[in-house]
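Report on the structure given below.
Values quoted throughout were computed directly from the atomic coordinates according to the rules given, and no laboratory measurement underlies them. This one's a predicted model, so the numbers in the text were calculated from it and none came from an experiment. Counting neighbours? That spans all protein chains shown, and the Cβs are built from the backbone with ideal geometry, glycine included.
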Amino acid sequence: GESVGLHLPTLSVQEGDNSIINCAYSNSASDYFIWYKQESGKGPQFIIDIRSNMDKRQGQRVTVLLNKTVKHLSLQIAATQPGDSAVYFCAEPEMDTGRRALTFGSGTRLQVQP
Amino acid sequence: DTGVSQDPRHKITKRGQNVTFRCDPISEHNRLYWYRQTLGQGPEFLTYFQNEAQLEKSRLLSDRFSAERPKGSFSTLEIQRTEQGDSAMYLCASSFPLTLAGENYEQYFGPGTRLTVT
């Protein structure tokens, strides 16, 4: 079955440094991934997505890398700011069912030290 | 604010009581999802609607849980005879119709209702 998980539960970085958040998946047929950011007391917020026909996608200060060989993806945040402090989830939507429900990993908490 | 809204934001109840939560999705979205999130975990799918039809329920949704979306707009999630294990954040999300979404699988989440059962 599908499994989306994370290597590290907490990541602490200094303001201005780059952050890298990792995510592993188990289904080699997985085709699409989404990164969500969840701040305290709020619902998850879409950051960026990537499809399996890409190995890199860039957004504003964020880059997602996908390595299908080892079934691993990462979210890189450049010049991390205090406002980036949150829990980050990788999520995978169901592609082969009509419901398109999201399966989330357990998340990585990013703490930005001033 | 045209995002997904949920009410109440917090609910404290005693074990055995019934509670009801409301979700108002983005108006253009005909698909509505309920998820449950416990501390330190990612959200888990509970059920979803397409318009007013509830199309699927997760095995997590015991018979004490019921969800409705009577007019295809807002939705309610009711928990009867609450148990301490029901304490969690209940998240609602909505998304575009498949005919518009195409290959876009993004779901837009509300702020959640945090339930504490004492």
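Chain B: longest stretch without exposed trypsin sites (Lys or Arg not before Pro) (DSSP loop, at most 14 other Cβ within 10 Å), sites themselves excluded? Can you show the working numbers first?
Working: sites that count: B:Arg9, B:Lys14, B:Arg15, B:Arg59, B:Arg64, B:Lys71, B:Arg81.
Between exposed loop sites, the widest span is B:16-58.
Using every Cα-Cα pair within chain A, state what percent have a distance larger than 25 Å. Before the final figure, lay out the partial values.
Values: 1095 of 6441 pairs.
Tail of P(r) above 25 Å: 17 percent of Cα pairs.
Using Cα springs under 10 Å in a Gaussian network model of chain B, which residue among B:Leu77, B:Leu98, B:Leu39 shows the largest mean-square fluctuation?
The residue with the greatest mean-square fluctuation here is B:Leu39.
With Cβ to Cβ distances under 13 Å as the rule, what net charge do the other residues near A:Gln111 carry (K, R +1; D, E -1)? Mind dumping the intermediate values first?
Values: positive: A:Arg109; negative: A:Glu15, A:Asp17, A:Glu39, A:Asp84.
Here the count lands on -3.
May I ask you to list the lysines whose Cα is less than 29 Å away from that of A:Lys68, ignoring any residue fewer than eight positions away on the same chain?
Partners within reach: A:Lys37, A:Lys56.
Mind checking which lysines have their Cα closer than 18 Å to the Cα of A:Lys42? Skip sequence neighbours fewer than 8 apart in that chain.
The reachable lysines, counting only those whose Cα sits under 18 Å from A:Lys42, are B:Lys11.
Per-residue mean of other chain beta-carbon atoms within 10 angstrom of the beta-carbon, peptide B:34-41? Each step should come with its number before you reach the end.
Details: counts 0, 5, 0, 6, 0, 0, 5, 5.
So the per-residue partner count for this stretch is 3.
Per residue, what volume in Å³ does the Cα convex hull of region A:50-114 take up? Show your work: numbers first, answer last.
Working: hull volume 7.5 nm³, N = 65.
Spread over its residues, the Cα hull of region A:50-114 gives 115 Å³ apiece.
Comparing A:Thr69, A:Thr103, A:Thr80, which has the greatest mean-square fluctuation in the GNM of chain A with Cα pairs linked when under 10 Å apart?
Top of the fluctuation ranking is A:Thr69.
Excluding B:Gly16 itself, what net charge comes from residues whose Cβ is under 13 Å from its Cβ, given Lys and Arg +1 and Asp and Glu -1? Before the final figure, lay out the partial values.
Working: positive: B:Lys14, B:Arg15, B:Arg64, B:Arg81; negative: B:Glu83, B:Asp86.
Net local charge, B:Gly16 excluded: +2.
Can you find, among B:Phe96, B:Val117, B:His29, the residue sitting farthest towards the positive end of the charge dipole of chain B, where Lys and Arg contribute +1 and Asp and Glu -1 at Cβ?
So the residue we want is B:Val117.
I'd like to know how chain B sits against the 2.2 N^0.38 Å rule of thumb: what's its Cα Rg over that expected value? Walk me through the numbers on the way to the answer.
Values: Rg = 13.8 Å, N = 118, 2.2 N^0.38 = 13.5 Å.
With N residues counted in chain B, Rg over 2.2 N^0.38 Å equals 1.02.
Convex hull volume of the Cα atoms in region A:16-77, per residue, in Å³?
Details: hull volume 6.0 nm³, N = 62.
So the per-residue Cα hull volume is 97 Å³.
Springs between alpha-carbon atoms under 10 Å, Gaussian network over chain B: tell me which of B:Ser58, B:Ser75, B:Ser87 tops the mean-square fluctuations.
In this elastic network of chain B, the residue with the biggest mean-square fluctuation among B:Ser58, B:Ser75, B:Ser87 is B:Ser58.
For the protein assembly as shown, max minus min Cα coordinate along each principal axis, in Å, sorted largest first?
Over the protein assembly as shown, Cα extents along the principal axes are 47, 41, 36 Å.
Strictly greater than 14 Å: what percent of every Cα pair in region B:34-84 meets that? Working shown, then result.
Working: 701 of 1275 pairs.
Result for the distance tail: 55 percent.
Tally Lys/Arg at +1 and Asp/Glu at -1 over every other residue whose Cβ is under 15 Å from the Cβ of A:Glu15; what's the total? Each step should come with its number before you reach the end.
Details: positive: A:Arg61; negative: A:Asp17, A:Asp84.
That works out to -1.
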